[in-house]
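Heads up, the thing below is written out as structure tokens.
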Amino acid sequence: MTESVAELIGFEVACLSVVRGDQLITIAYTGPEELREHLSQPDPVEVLDPVWALGERWGRFYYLSAEQYRSADLEGHWAIIEDAGGAPVPVEDGAPAQPAWDPHDALVAALRDDAGELIGVFSVDGPLDGRLPGPTQRRILERYAAQAERAIIVENEREALRQRVALADAARRLVRAVPARADRERFLAAVHPALIAGFKGSGTWVLTLDPNDPSAPARDSLARSFDGLPRQVSDEVSARLRAVAPRIWMEQAPIVLAAHEKDQHAALPGWLDAELATFLRDEQRERGIGSSLLVALGSGRDCLGVLVISRPVGGPEWSTVETDAAAAIGQDLGAALETVCALEREREANQRLQAVDTYRTRLVSTLCHELRTPLTAVVGNLELLHDLDLPDEADLFLAGMSRGSVRMRRVVDDLLTLTALREPQAPIEMAPVDLVALVRAAGDLLAEPAARGEVTLSLDVPPVPVVVPGATAELEQLVTNLVSNAVKYTDPGGSVRVALSAPERGTVRLVVTDDGLGIAPEEQERLFEAFYRGGNPTALRRPGSGLGLAIVASVAERHGGTVTLDSALGRGTTVTTVLPACER
């Protein structure tokens, strides 16, 4: 474009500059090579203020005469073309003559966006005919200036779009960078690199607040330099930002704060206390920070913290695209922070529950051990009394006392077993265990109670060993409890079937089926809880502690297996245990 103006309209120099921050940057130049470097130097935008104030308006162009040029004492990089075109070219007879061009004349077009903001300048110098441009030349110059203006607007829009895409990508990276089960410290560390890359920052600071009490001391505060090293932030700075963070979140407007008031181009909000702004500026200067962007983090109505992104002295200004993107990122990070805090509260609650459960387990274990000794003494003394020559009435009482003490000892033993199985640090010594042998042993043990209750007990096991890795005593109790429960809750005339399958796809299935009382659907989910026996009056009349299935579930879990139950009232129950088989 500058070449076209120089050649077609006839100027020795044509220069196009764009506004970047508060600087004019030359992007196109046509003219003497010895002036290129000089005219390509950046200048502050305000060097043109005298031109806009004093110049004669020609459409987009402002004409500054030599006399005005000298009186204005313009700063910046200007060039004087002394001999451009030589003497003014004579005009034809009768044609109006344009005044001669003085080397100190200036002709500069102000290029503005749709909002009227200055976005660039287009200047020409040294007319080849030695005269001021006439009406025809001015119209052509105006068209070129309009084209240049539109080109800059389009390019600025493209650049803004590129920035929005880049910052949106940075926001996605930020959210993805937060580990799924992160705590707040890991969260604060994870967001730093993406913020530095996305916003070309020199440091970050994230201050998290308690949404229920924003005035409370900050939960976490982590400031990092460009290379990620931690930086100290005074308590006073934290307290002052903590106080203003909810207002920033409510206004949904990030604050750009320059370290020096003269560099503050973005307007500060009217509600921001001047004393606070001065205090924060002093802090920035002490740390060598040129400017900072303050963004509130939140979710819904809750302010969860504040994010500060800093830039060094001499760094680029914060654009509107960046501040808008930062506000959106504040919402994204706020949502992520809320999730992190919720997970942290969940972990804390789980830890408290685990502590309570550990205490309960140890308390039960201690009580059981304390009960076991006197119970053993009671049982022993009752056995001695049986050997004495006592009246028949006394034998009846002794028999009842013996049954009660045996039942109590069985409950104590089951409790000790269950607490041992649920102890997180309880070791399990794996060894090959033949389930066929355990099923047959359980059948032999329970054959007499089954016959006494007129229950048919049948075993369906392979003719060869079915081996699983595990602890023999624990697996023996699993099998015995399942078969014992089935026999206990089956009425006379009923049947219990125990089926053990050969290994298939790396697992073994033990299925215990009865046609007994059955279990109501609403009670089935709780059957594996300790002490739970359901609400069936018929079942409650049969002796039991409610610990058998809880032990079964704990043994299966410790061995990497599962237990499932299928039952219906009056139809019976099927309990299926799946355990991993030994590798061949």
Let me check the size of the stretch 1-51 from its C-alpha atoms; what are the radius of gyration and Dmax in Å? 11.8, 33
What is the angle, in °, between the Cα long axis of helix 320-386 and the longest principal axis of the Cα atoms in the chain? Nearest 10 is fine, range 0 to 90. 10 degrees
In nanometres, the difference between 0.36 nm per residue of separation and the alpha-carbon distance of residue 75 and residue 236 is 53.6 nm
Extension gain (nm, one decimal) between residue 402 and residue 429, 0.36 nm per residue minus Cα-Cα: 6.2 nm
Taking θ = phi - 60°, what integer Hz values does the Karplus form 6.51 cos²θ - 1.76 cosθ + 1.60 yield along the stretch 502-515, in sequence order, with x for Gly and Pro? 5, x, 9, 6, x, 10, 10, 10, 10, 10, 10, 10, 9, 10
What is the spin-label model distance, in nm, from residue 353 to residue 384 if the labels are put 7 Å beyond Cα along the C-beta direction? 4.9 nm
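Nearest 500 deg cm²/dmol is fine: what mean residue ellipticity at 222 nm does the chain get from its DSSP H runs of n ≥ 4 alone, each adding -39,500 (n - 2.57), divided by its residue count?
So the helix-based figure for the chain works out to -15000 deg cm²/dmol.
Quick one: if you take sqrt(5λ) for each eigenvalue of the C-alpha gyration tensor of the stretch 455-521, what semi-axes come out, biggest first, whole angstrom? Could you put the intermediate results ahead of the total?
Working: eigenvalues 116, 36, 26 Å².
Those come to 24, 13, 11 Å.
What translational diffusion coefficient, in µm²/s and rounded to a whole number, does the Stokes-Einstein relation yield for the stretch 187-335 at 37 °C and a viscosity of 0.692 mPa s, taking the hydrodynamic radius as the Kirkwood radius over Cα pairs?
On the way: Rh = 15.1 Å.
The estimated diffusion coefficient comes to 217 µm²/s.
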Length-normalised contact order of the chain, Cα under 8 Å, at least 6 apart, in percent, tallies to 8 percent
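Skip the ligands, DNA and RNA, and give the accessible area per residue of the chain with a 1.4 Å probe, whole Å².
With the other protein chains kept in place, the chain gives 53 Å² per residue.
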Treating the angle as unsigned and between 0 and 90°, give the value, to the nearest 10°, between the Cα long axis of helix 392-422 and the longest Cα principal axis of the chain. 20 degrees
Counting only residues 5 or more apart in sequence or on a different chain, those whose built amide H sits under 5 Å from that of residue 491 are 517
Can you pull the Rg over Rh of the stretch 447-584, Cα-only, Kirkwood? 0.96
Hey, any idea what % of the chain's accessible area is carbon plus sulfur with a 1.4 Å probe? 54 percent
The helix 472-488 Cα axis meets the longest alpha-carbon principal axis of the chain at an angle in degrees, between 0 and 90 and rounded to 10, of 70 degrees
State, to one decimal in nm, how far the label point of residue 279 lies from the label point of residue 452, with both points 7 Å from Cα in the Cβ direction. 8.3 nm
With Rg from the Cα atoms and Rh as the Kirkwood inverse mean 1/r over Cα pairs, the chain has an Rg/Rh of 1.35
Rounded to the nearest 20 debye, dipole of the chain from Cβ charges on Lys, Arg, Asp, Glu: 2380 debye
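With a cut-off of 8 Å between alpha carbons and a minimum separation of six or more residues, what is the relative contact order of the stretch 213-313 in percent?
Numbers: 126 pairs, mean separation 26.2, N = 101.
Answer for the stretch 213-313 is 26 percent.
The values are calculated or read from the model by the stated rules, or taken from the named source; none is laboratory data. Note that the structure is predicted; figures quoted are calculated from it, not measured. Don't worry about glycine lacking a Cβ; one is built from the backbone with ideal geometry, like all the others, and counts go over all protein chains shown. Surface areas here come from the heavy atoms of the whole protein model, side chains and all, with no ligands, DNA or RNA. Shrake-Rupley method; radii C 1.70, N 1.55, O 1.52, S 1.80 Å.
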